[in-house]
Amino acid sequence: MTKPSLTIRRRIKASPEKLFRAWTDPANIRQWWGPDDGPVLHAEADLRVGGAFRVKFRMLDGDEHECGGTYREIVPNEKLIFTWQWLSDADEVETLVTVLLQPDGDGTAMTFTHAQFQDEKTRDGHQAGWSGSFDKLERAFGAP
């Protein structure tokens, strides 16, 4: 049985290099991670195959969430593949994220795929969360 996945495509007026740093540099991650305008409380990234990342953020309603995973593949300025898991939920199943960055004129075509969800409800919740995060990513790193 195929597990649900989601794919989000965005064209952002920023170079692939700038967006790659947005995904991998903790100082940059703190500027955009999380689905609303709540703050990122902690971000770390050990950018190497087998290295881990962790991000903790607070939503505007006060709820705090922490996620993390392990880098599986890294092609600087082009591709990131990493596992994903909510760290606050012991029952959370590990999923897989792929981020592809391709030059597109004066910007970058970003293709984001989050795969291996247990069910459609979980996928749909992540789609809403990632969409909000990518709005922030575009505001923080895209040219006006």
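Overview of values
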read-out	value
Of all residues making up the stretch 107-133, the number that are farther than 18 Å from LEU19 by Cα and hydroxyl-bearing (Ser, Thr, Tyr)	1
HIS42 vs. criteria assigned to a strand (DSSP E or B), surrounded by fewer than 16 Cβ atoms within 10 Å (Cβ to Cβ) and either under 14 Å from the mean Cα position of the chain (by Cα) or not acidic (Asp, Glu) (or both)	yes
The stretch 12-31, residues that are closer than 15 Å to TRP130 by Cα and either surrounded by fewer than 17 Cβ atoms within 10 Å (Cβ to Cβ) or modelled with pLDDT under 95 (or both)	GLN31
Leading residue by the ranking (farthest from THR111 (Cα to Cα)) among those in the stretch 46-93 that are small (Gly, Ala, Ser) and at pLDDT 95 or above	GLY62
Test result for THR98, more than 19 Å from ASP135 (Cβ to Cβ) and of a type in the set (Ser, Thr, Tyr)	yes
Residue check for ALA14: farther than 24 Å from LYS121 by Cβ, in contact (Cβ under 8 Å) with a residue 60 or more places away in the chain and aliphatic (A, V, I, L, M)	yes
Test for VAL97: is it over 18 Å from ILE8 (Cα atoms), modelled with pLDDT of 95 or more and of a type in the set (A, V, I, L, M, F, W, C)	no
Residue count, the stretch 66-92 (criterion: without any contact (Cβ under 8 Å) to a residue 40 or more places away in the chain, surrounded by 14 or more Cβ atoms within 10 Å (Cβ to Cβ) and not in a strand (DSSP E or B))	2
Residue in the stretch 55-65 that is hydrophobic (A, V, I, L, M, F, W, C), in a strand (DSSP E or B), under 13 Å from the mean Cα position of the chain (by Cα) and surrounded by fewer than 17 Cβ atoms within 10 Å (Cβ to Cβ) present	no
In the stretch 94-144, residue farthest from THR7 (Cα to Cα) [restricted to those that are free of Cβ contacts under 8 Å to residues at least 40 places away in the same chain and surrounded by 15 or more Cβ atoms within 10 Å (Cβ to Cβ)]	ASP135
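The values are calculated or read from the model by the stated rules, or taken from the named source; none is laboratory data. Since the structure is predicted, the reported quantities are computational estimates derived from the model, not experimental observations. Quick reminder, even Gly has a Cβ in these numbers, built from the backbone with ideal geometry, and neighbours come from all protein chains shown.
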